[in-house]
Amino acid sequence: MLLKIRHALLEITNQPNAKQSAVIINNEIIITSAGILQTYVRPTLPFVADDSNENVCASTKIIRKLQQCKLIDIQSGDTEESRFLLFLNFQVMFDHRKLPRTSMQYVHTGRVDYILKRYRAKLLYIFSSEEISRNFHKLSNRKGLSEEAITEHNEVLLTSFLILSTHPEKVNPPERFQRSLEQIAHYLRYQYSVRALDDVLIICTPFGMENFYKTVSIGKVSNVLGHGNGSLFVLSNILPGCEGSAVFNNKLRLIGLIVCTSFQCDQGRIDMTLVANFAYLLRDFMKQLGIKITSFTLPREPSDFACKLQLLRGITYLLSLLLRERSLVIIEAAGKQGTGTFVKVQNKKFILTCSHVVFEVSSKVQCRNMNGTFKSEVLWRNPHYGTAFDVALLSIPQNIPDRHCVRLAHTKPCLGQRVYNAGFPYFVNFNLKYDFNPSIFQGRVIRFTPAVIMSDGCVQAGQSGGPMFNEHGNMMGICVSNIKVDETVYPNFNSAVPVISIRSILEDYAQTNDIRILNNLVANQDVQKLWSLANSTISKL
């Protein structure tokens, strides 16, 4: 059974005003991220752990209940939390109809705009999904709220959700509301699992601005987090400010709800779009309501991306490397984390990464691949890290088979060529034995010189040293860094060492086993200028 799913813009009219995208299902149920409450639900010090204590504020009680994944029923109004939330005025806007083509606006602009109509909405429930919350906490490396960092309550709200209705009488009695939820659950039975590199479509209103109403954003799944089909997944190339928006797969079926497009971590601001899997979200809500649920068993079909790429020559090799995670290595050195790649040049195998990821030569670094941890020796590193050819070579375990090593590209990158940046940006805790989950970000080559490949595929901290693949699974670059301009870092504008520029030196080393040959990787002055984006010489007229 199909659902009627509409995009909406939810607004809280209390001061300060807040707006956010939302989803309306069957013209009855409105759902969005609880992140819209961040300016209203603000615990005050002292932050008492016992939410039953009469001396704590309503915001504290709300946050504690959500932390414990307890459902907050707003309708009763018999608790301090519900009375506090009932004070908030919710209004929802969505398109009632389109302007007729005979209107003067269409005559002058040739564009048919939507007429937004505003309705009063009533908040029914707030809930937190246990599975989604657990994976988000692992991602952000936090243990929960603390008195020292009271603003961390925002993290709890990001993994919580609001259920509203424009006609609360339609969801009563409870049996009718239950039937609506069961219908939605039935819809999920015909859904495919979420896979890395799947195409997605988002209908959103970025930044809650009516002029952007029903903007379409198209991207790809970069990572899937959590057990099974993944309670959280990560998107790339998505517009910012789209929290609360619906995410659809290539069959135009609802698969998720955007939780955030950026968040704070220990290292600072992270610009990545996190999406809550709609199946997990609905399952946990029904469970907290006490509704008997049927397990959501999603068929594990290959993604549409995989089916298309298997038509290309050599693409099966790319799939076996990226989707089975055989070639990637997590590297931990000096308390920081980077990425490396198993490569084979002629008959010699080693790990290729960045110089700024590892210690000095002959030191040992901790590494982990999909089969476990191991120590690796730094064979050579560019002593001038942070400059052109920021490269290091590490020893490889004897038991790594040839099929786990990638091949180096033989050709130069072309402008507009599709590339895939792989690595471990923030998604791995090195202490977790089985948490090995690389991310893949699609982009295109936007500039190439002998010193650098620039792409618009996302690269974040932790991906340093990771591979840049072409469509045939060959390694064409080593990801180094983002571009930074006036203290602003741009994660979708990044640089990589071109493999084509260093390939011959690596081949000479593999053939002779003379480590001194690698000193030729120290770039000359001309290459350094290209890497540093030094201004070109301008001739006078």
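Which ones in segment 370-392 are part of a strand (DSSP E or B) and open to solvent by 10 Å² or more (accessible area, probe 1.4 Å)? Within segment 370-392, Gly372, Thr373, Phe374, Lys375, Glu377, Leu379, Trp380, Arg381 qualify. Residue pairs whose Cβ atoms lie under 6 Å apart, separated by 6 or more positions or on different chains, with the first residue in segment 229-248 and over 22 Å from Val92 (Cβ atoms) and the second among the charged types (D, E, K, R) and outside any strand (DSSP E or B), are Ser231/Glu131. When each of Val343, Val365, Val378 is tested for being under 29 Å from the mean Cα position of the chain (by Cα), more than 19 Å from Ala409 (Cα to Cα) and at pLDDT 90 or above, the lone residue that passes is Val365.
The set of residues in segment 155-171 that are open to solvent by 40 Å² or more (accessible area, probe 1.4 Å) and modelled with pLDDT of 70 or more comprises His167, Glu169.
Across segment 325-362, the number of residues qualifying as open to solvent by 40 Å² or more (accessible area, probe 1.4 Å) and touching a residue at least 60 places away in the same chain (Cβ under 8 Å) comes to 9. Checked against (1) more than 26 Å from Ile132 (Cβ to Cβ); (2) at pLDDT below 85, Gln91 passes all but a single condition, namely (2).
The values are calculated or read from the model by the stated rules, or taken from the named source; none is laboratory data. Remember, it's a predicted structure, so these values are computed and weren't measured experimentally. Counting neighbours? That spans all protein chains shown, and the Cβs are built from the backbone with ideal geometry, glycine included. Side chains included, ligands, DNA and RNA excluded: accessible areas come from the protein's heavy atoms. Shrake-Rupley method; radii C 1.70, N 1.55, O 1.52, S 1.80 Å.
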